[in-house]
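What follows draws every value from the coordinates through simple rules; no lab data is involved. Note that the coordinates shown come from a computational prediction; the quantities given were computed from them, not determined experimentally. In this analysis, Cβ positions are derived from the backbone assuming ideal geometry, glycine residues included, and neighbour counts consider all displayed protein chains.
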Amino acid sequence: MEERLLRLEALLFPSVADVTVLSVDMCDEAVRVEARRTAAEAVCPSCGCSSSRIHSSYLRFPADVPSGGRRVVLCLQVRRFFCLDAVCGRRTFVEQMPGLTRRYSRWTERLRSTLAMVGLALAGRAGARMAGVFGVPVSRSTVLRLVDMLPEPDVPTPRVVGVDEYATRKGRVYGTVLVDCETRRPVDLLPDREASSLAEWLSKRPGIEMICRDRAPFFAEGASAGAPQAIQVADRWHLRHNLSEAAERAVAHHRQCLRVLAPEPAEEELAEPAPSVVDPASPWKSDRFANRIRTRHATVHVMLEAGHSRRSIGRQLHMTHRTVKSLADAARPEDLFTGQYQFNRASALDEYKPHLDGRWNEGCTNAWKLWEEIVPLGYKGSYGIVSAYIRKKRTSPRPVTAQPPAPRQVAKWILSRPETLTEIEQLRLKAVLANCPELDALTGHVRSFAQMLTERQGNRLPEWLDAVRQDDLPSLHTLAAGIDRDRDAVIAGLTLPWNSGVVEGHVNRIKMLKRQMFGRAGFSLLRKRVLLANNLAEHHDHPVLAVDVVRLPGCVPRRRQTGIGERMRPTLAMREWSTRRKVTTAAALQMLWLGVLITALTIWDLSLSVPVAIAIWAGPALGGVVGTWAASKTSPR
């Protein structure tokens with residue numbers, strides 16, 4: 001028995017000292033554990049004086065972590081002691097069990113810690129629903145309050161810190177997140193993205209050696225002012241992104257050179273009237289959509305010239321801000337002719353149309369044969385698309401040729417590795433570069449910078465900047481000027497292995513946390529969830545019970561209480577005994593009444609003999625006596 005009690009104490013209270021288990025009772029809904037503290041004295045919380053003089057004792061019923069799908073309620077016998085210090089203002093105090101209880105709490109410390117960890121992971125409403133599944137009814141406000149009561153994490157000063165911005169309200173309010181790039185954990189959150197806030201934070205941590213950031217000017221200024229001794233590292237992904245934007249602008253500037261892949265029709269062919277009723281200047285299948293856009297474009301520009309604001313135009317014409325902006329920014333309505341109803345939409349056959357046009361000019365007009373030729377080249381579309389294109393070439397009065405590639409498509413070819421391009425893409429890119437020397441030079445600069453980026457050859461950056469300035473590429477000149485202003489950080493980013501990838505991951509996680517706490521996402525609560533979410537295992541000191549508790553032999557079943565104000569209800573054993581007693585007593589009463597009835601009938605009917613009447617009456621009476629004796633034997637011990 002003693003061995004079982006010791007094993008049960010080690011199971012229920014692994015991190016609590018001086019606690020002994022008196023009894024354990026289990027029913028369908030809850031597990032009731034009776035325990036008490038074994039220490040002979042306690043310490044006054046006010047003066048710290050030890051006392052062994054007991055004033056009184058009473059029972060506490062704190063809820064504990066669930067066990068085997070049942071609620072666990074502790075019945076703790078706690079004592080009230082006299083404070084022996086005459087100077088102390090507290091005359092009596094109640095003993096607490098360190099690691100298990102605290103003043104005025106209806107939960108144990110491990111249940112409080114469990115609910116706080118649920119709040120860190122799921123926030124208020126979802127955390128309350130999950131706690132209800134565990135068998136612990138709690139409100140969402142209580143879950144958030146437990147999260148807010150968690151202590152601040154003690155984070156050591158990082159050696160390599162990553163800095164980036166996150167949006168509290170996209171487009172309006174931004175904050176700053178700082179991450180330890182070595183441990184990949186967030187260090188702190190700042191309520192804004194000002195250079196002064198970052199400089200103040202960095203100045204309090206002189207041990208920082210490297211700062212990974214993007215090329216935002218306020219981060220560069222704050223890092224230089226707060227940690228002049230640290231090496232600033234520009235993120236390589238942002239450098240690659242800036243290069244891709246500059247390359248796309250350069251290709252768009254030379255969009256006329258892309259028409260080499262779409263030869264102009266002959267003059268005699270242009271002179272032939274087209275049977276279609278569609279306006280040649282419109283790329284739509286019908287004039288319905290083109291006329292609608294032209295009308296809207298003209299209306300918006302007339303109202304702008306009359307002095308109306310874009311917000312006023314949107315209210316009067318029932319348009320969104322984006323629609324008004326696109327119509328106002330477009331100089332001609334033809335610039336807006338894009339969308340799903342456009343006649344010349346991109347298809348899977350666009351890359352292979354130059355090959356089909358060449359074979360058509362050579363005299364091959366069999367659609368099936370042409371389809372078989374482009375399948376080995378990488379075409380994954382159906383035969384019907386090829387057949388429709390050949391049928392259109394055969395029946396159209398005008399020559400049908402491939403459309404020129406879009407500037408973004410050409411920029412994608414230039415920015416991609418040459419070995420990843422298909423044969424058709426390589427041929428089309430070669431034709432574009434042969435017709436435009438500026439795009440050919442752009443391709444060389446882009447691939448040279450990509451080689452520096454992937455092989456970390458930051459020492460080649462000054463040579464690359466000089467080479468870019470020698471060519472007529474204004475977009476690359478702008479990029480080179482920005483890199484030159486931040487040359488040290490860019491060279492460090494192209495040389496050192498550090499980057500801001502882990503910071504971008506935490507920014508993405510902050511977006512998810514904000515959506516979970518929509519309407520309740522204050523900065524302090526958001527900061528707690530961001531900083532403590534990665535430390536769930538460290539803060540969760542008390543393990544959750546996941547085993548069933550069995551009743552020990554000899555343990556007396558008692559009545560349980562789950563909280564203040566809740567009625568005492570009988571346990572399972574008492575309910576079973578009460579049910580058996582009621583049934584047995586009812587059966588005994590029925591037999592007694594039956595005996596009385598038969599006796600009365602016997603006395604009324606004088607033809608029956610006295611011995612028969614006595615026998616008939618004696619049987620039910622004897623049954624009642626036996627039933628009463630059985631009911632008395634089923635009473636609980």
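Annotation: peptides 300-307, 433-440, ranked by per-residue average of other Cβ atoms within 10 Å with the highest first, follow the order 433-440, 300-307. Close amide-amide hydrogen proximity is noted between residue 500 and 236, 237, each under 5 Å apart and 5 or more residues distant or on a separate chain (H modeled in the peptide plane; Pro and chain starts excluded).
Once a ≥ b ≥ c are taken as the square roots of the eigenvalues of the Cα gyration tensor of region 2-132, is the result rounded (a/c under 1.5), prolate (a/b larger than b/c) or oblate (a/b not larger than b/c)? Verdict is oblate for region 2-132.
In region 356-492, Cα pairs under 8 Å separated by at least six residues give a relative contact order of 15 percent. Using the structure shown, list the pairs from 412/514; 170/430; 325/380; 325/412; 353/412 with a Cα-Cα distance above 30 Å, or answer none. 412/514; 170/430; 325/380, as the Cα separations exceed 30 Å there. The Cβ shell under 14 Å around residue 413 holds other residues with a net charge of -1, Lys and Arg each +1, Asp and Glu each -1. Local charge sum around residue 62 (other residues, Cβ-Cβ under 11 Å, Lys/Arg +1, Asp/Glu -1)? Overall, the nearby charge balance is +3.
Of the peptides 113-123, 65-75, 50-60, the ranking by mean beta-carbon count within 10 Å, highest at the top, reads 113-123, 65-75, 50-60. Amide H to amide H distances under 5 Å link residue 26 with 32, where only residues 5 or more positions off or on other chains count and H is placed in the peptide plane.
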